[in-house]
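The values are calculated or read from the model by the stated rules, or taken from the named source; none is laboratory data. No experiment lies behind these values; they were computed from the predicted model shown. Cβ sites come from the backbone with ideal geometry, for glycine too, and all protein chains shown count toward neighbours.
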Amino acid sequence: MPSLHLNASRSVRLRFAVKPPTGRQLRSEVEGKRVEDWRIDDLRKAIRANRVSFPSQVPIFPMHDRPDLQFKLAQLYFIFGWSCSAIAAKYGLIRQRVQQILNTWKRRAAQMGYLQAIPPMVPAPAKLVFQAVLLPVPMPARPLMVEHEHAY
């Protein structure tokens, strides 16, 4: 959980240590769900663990909540790991409103194909090791005569 620090200039500094979840933890949390149905905290874990693609240019949906803040909130929350409380403090909103904007953005981005689950890597098949089996080859009783034709 990030800690929030306000310094003298009233700017917000965040310090956090977030360990990305292991593949097994993440799969159990979101298994069988569509990306738009995931909780935003599970989606953030998946994005930070490279289990969900995230657009390099964050889209803005002008017909939805606060188009002026959507991409900023999405980037701060999903990419930089800010908490909803810290974002709310920065933009003068309440935490629930930030969550509402993020949920609306997440749902629309997933429906439009900006957020897509990345399938887990399939393990490579085990290396097959073949052992050469040397069998004794019977030698002929007398050497074979091979005739060669010479062209002179």
Restricting attention to the stretch 91-117, and to residues there that are under 16 Å from the mean Cα position of the chain (by Cα) and surrounded by 15 or more Cβ atoms within 10 Å (Cβ to Cβ), which single residue is farthest from Asp41 (Cα to Cα)? Tyr114
Is there a residue being part of a loop (DSSP other than H, G, I, E, B), aliphatic (A, V, I, L, M) and surrounded by fewer than 21 Cβ atoms within 10 Å (Cβ to Cβ) anywhere in the stretch 71-90? no
Conditions: (1) farther than 13 Å from Val98 by Cα; (2) in a loop (DSSP other than H, G, I, E, B); (3) among the basic types (Lys, Arg). Arg66 meets all but one. Number of the miss? (1)
The condition of being in a loop (DSSP other than H, G, I, E, B), at pLDDT 90 or above and farther than 23 Å from Asp37 by Cα holds, among Leu135, Leu93, Leu128, only for Leu93
Within the stretch 96-107, is there a residue that is touching a Cys at 6+ places or on another chain (Cβ under 6 Å), modelled with pLDDT of 65 or more, farther than 21 Å from Val35 by Cα and part of a helix (DSSP H, G or I)? no
